[in-house]
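A.B. asks: Okay, handing you the structure first.
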Ligand code: FAD
Ligand code: SF4
């Protein structure tokens with residue numbers, strides 16, 4: 001008899017965890033993982049595989065976990081997934097693999113906790129020092145990758161395995177993209193990202209930091225120096241509300257706020273020289289993962305946090321688990337409320353004026369009821385206001401070269417099947433991750449989508465480079481299990 005409810009992952013108590021930045025979810029033990037895996041129905045037609053953007057063979061890896069064969073489980077996972085420790089933690093599983101799990105469709109039953117099992121297997125392998133081994137045959141071709149977020153690092157690993165000389169160019173002083181500068185430590189420990197990227201370096205991938213392509217070095221130079229380019233620069237340009245007062249002191253975009261904590265150690269003042277004073281009351285606007293992260297980080301700085309959202313929480317795009325954790329920790333949700341003005345004195349934020357909203361019966365393109373303003377407006381005092389309503393593509397790079405074209409939203413235009421950039425010139429460049437939005441199968445905006453783009457682009461780059469004939473220079477074994 002299959003148990004209806006999943007094994008809940010142990011986590012830090014909310015009262016305690018809001019005083020630290022350590023990971024909230026603590027992971028399964030081996031016994032818990034085996035027990036959870038035994039809930040799998042082992043369906044003949046596994047819908048969960050189709051639900052995963054990289055089609056992980058879920059039933060097979062889960063079967064190995066069930067039997068306690070964790071190394072076999074790891075090998076199955078890493079056939080389609082390079083970084084299970086990352087995806088197991090941040091994938092929106094309820095909309096992907098777990099959303100397609102048959103167990104979850106039965107009355108009173110939870111879907112199998114696939115993400116938790118994936119995380120367990122990834123962590124177990126890291127603890128045991130197990131890494132996959134690859135035999136790399138040098139191709140003599142070189143590929144430049146711009147951006148070291150999930151799309152860039154996935155493409156880098158796949159291209160390097162095919163023997164290409166890979167250089168990753170990163171604007172910041174650290175690799176990992178949003179995994180490092182956006183998602184907070186309590187959800188995505190930075191040591192894990194560093195560890196995964198270290199694997200790339202051991203494979204021979206070169207990383208050049210502090211290099212902003214389009215400013216420090218030109219795209220056209222990269223084109224001259226390499227056989228192909230993969231553009232994975234994300235979409236890091238913050239969006240504003242366009243309301244009066246956004247220039248006041250005390251108003252941050254989520255990007256700036258989170259980067260100050262994640263990259264500049266603002267939470268560790270005075271050990272670090274870059275404090276952030278959020279005062280006693282913080283308002284965050286938005287309903288996605290970025291808004292939840294901002295609100296929960298602000299809480300950990302010892303302040304009261306209100307989260308403004310113009311619809312009701314059922315419509316929030318954030319992962320369910322993040323909404324649940326935010327509520328558990330004491331973030332106060334102000335549903336059907338939309339800020340319309342930020343009121344200041346002497347250049348500093350004093351109050352937030354907001355409009356009360358209601359949901360009309362009309363639906364928007366995403367199928368959600370459209371919020372409309374009522375005539376009621378109020379204002380409340382705040383010291384800090386954080387805008388977390390999404391990001392757009394940064395136009396810097398596309399503007400600096402004739403080889404890239406963008407659509408009306410600023411996304412780099414690609415062939416939606418191959419991800420090769422649309423260009424009138426002979427340019428062997430591909431793009432993926434947040435910089436292409438949802439041009440690939442209408443999906444985008446998540447870590448695993450970015451990783452799947454990186455994988456597709458790498459495969460197509462490799463095919464094109466192989467067609468033009470390789471020089472087989474030498475054979476090396478770049479990574480050997482337990483030898484590195
Ligand atoms: P990014 O991760 O943005 O990386 C791009 C990299 O390129 C950056 O390091 C940047 O510095 C670099 N770069 C940019 N321009 C240049 C240039 N010109 N030259 C050199 N380098 C450049 N997704 C989930 O699936 N689950 C979550 O829980 C989740 N939470 C999120 C929380 C936050 C706060 C944010 C902001 C996003 C979250 N997302 C989440 C979305 C997810 O992180 C992104 O979809 C994903 O990181 C996109 O990957 P990417 O490789 O395209 O770009
Ligand atoms: Fe699920 Fe993400 Fe793992 Fe795919 S990569 S099986 S969607 S957790």
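The values are calculated or read from the model by the stated rules, or taken from the named source; none is laboratory data. All values reported here derive from a predicted model rather than from experimental measurement. Quick reminder, even Gly has a Cβ in these numbers, built from the backbone with ideal geometry, and neighbours come from all protein chains shown.
A.B. asks: Need a quick list: helices (runs of 4 or more DSSP H) entirely within segment 97-191 having at least 2 residues that are without any contact (Cβ under 8 Å) to a residue 60 or more places away in the chain and either within 16 Å of ligand 2 (Cβ to nearest atom) or within 20 Å of residue 322 (Cβ to Cβ) (or both).
C.D. replies: So the answer is 114-127.
A.B. asks: Still on this model: Which one is farthest from residue 21 (Cα to Cα) among residues in segment 205-215 that are surrounded by fewer than 18 Cβ atoms within 10 Å (Cβ to Cβ) and more than 8 Å from ligand 1 (Cβ to nearest atom)?
C.D. replies: Restricting to residues being surrounded by fewer than 18 Cβ atoms within 10 Å (Cβ to Cβ) and more than 8 Å from ligand 1 (Cβ to nearest atom), the top hit is 206.
A.B. asks: Here is a follow-up. When segment 132-155 is examined, which residues are found to be in contact with a strand residue (DSSP E or B) (Cβ under 6 Å, 6 or more places away or on another chain) and away from ligand 1 (no atom under 11 Å from the Cβ)?
C.D. replies: Within segment 132-155, 133, 134, 135, 136, 137, 142, 143 meet the criteria.
A.B. asks: Quick test of your reading of the structure: residue 122 fulfils all but one of (1) modelled with pLDDT of 95 or more; (2) surrounded by fewer than 23 Cβ atoms within 10 Å (Cβ to Cβ). Name the failing condition by number.
C.D. replies: For residue 122, the exception is condition (2).
A.B. asks: In addition: Write out, first by first residue and then by second, each pair whose Cβ atoms fall under 6 Å of each other, whose residues are 6+ apart or on separate chains, and whose first residue, in segment 46-66, is under 21 Å from residue 83 (Cβ atoms) and more than 7 Å from ligand 2 (Cβ to nearest atom) while the second is at pLDDT 95 or above and not in a helix (DSSP H, G or I).
C.D. replies: Filtered contacts from segment 46-66: no entries.
A.B. asks: Scan segment 466-481 and tell me whether some residue there is part of a helix (DSSP H, G or I) and at pLDDT below 95.
C.D. replies: Yes: segment 466-481 contains one or more residues that are part of a helix (DSSP H, G or I) and at pLDDT below 95.
A.B. asks: Another question about this same structure. Might you let me know whether segment 411-432 holds any residue that is surrounded by fewer than 23 Cβ atoms within 10 Å (Cβ to Cβ), closer than 25 Å to residue 254 by Cα and in the same structural domain as residue 463 (by TED's automatic domain parsing)?
C.D. replies: Yes, that holds for at least one residue.
A.B. asks: Also, quick follow-up: Do you know which of the residues in segment 55-79 that are surrounded by fewer than 18 Cβ atoms within 10 Å (Cβ to Cβ) and under 16 Å from residue 158 (Cβ atoms) is nearest to ligand 1 (Cβ to nearest atom)?
C.D. replies: 55
A.B. asks: Only one of (1) within 15 Å of ligand 1 (Cβ to nearest atom); (2) surrounded by fewer than 15 Cβ atoms within 10 Å (Cβ to Cβ) fails for residue 404. Which number is that?
C.D. replies: Result: residue 404 passes all but (2).
A.B. asks: Has segment 22-39 got at least one residue that is within 16 Å of ligand 2 (Cβ to nearest atom), touching a helix residue (DSSP H, G or I) at 6+ places or on another chain (Cβ under 8 Å), in a helix (DSSP H, G or I) and without any contact (Cβ under 8 Å) to a residue 12 or more places away in the chain?
C.D. replies: No, segment 22-39 has no match at all.
A.B. asks: What residue, among those in segment 80-92 that are in a helix (DSSP H, G or I) and in contact (Cβ under 8 Å) with a residue 60 or more places away in the chain, is nearest to ligand 1 (Cβ to nearest atom)?
C.D. replies: Checking each candidate, the answer is 90.
A.B. asks: Only residues that are in contact (Cβ under 8 Å) with a residue 24 or more places away in the chain and either surrounded by 13 or more Cβ atoms within 10 Å (Cβ to Cβ) or part of a loop (DSSP other than H, G, I, E, B) (or both): list them for segment 361-378, please.
C.D. replies: Within segment 361-378, 368, 369, 371, 373, 377 meet the criteria.
A.B. asks: Scanning segment 81-91 for residues that are more than 8 Å from ligand 2 (Cβ to nearest atom) and farther than 12 Å from residue 116 by Cα, which turns out nearest to the chain's Cα centre (by Cα)?
C.D. replies: The selected residue is 83.
A.B. asks: Could you please give the count of residues in segment 1-15 that are more than 26 Å from the chain's Cα centre (by Cα) and either without any contact (Cβ under 8 Å) to a residue 24 or more places away in the chain or farther than 22 Å from residue 73 by Cβ (or both)?
C.D. replies: Qualifying residue count, segment 1-15: 4.
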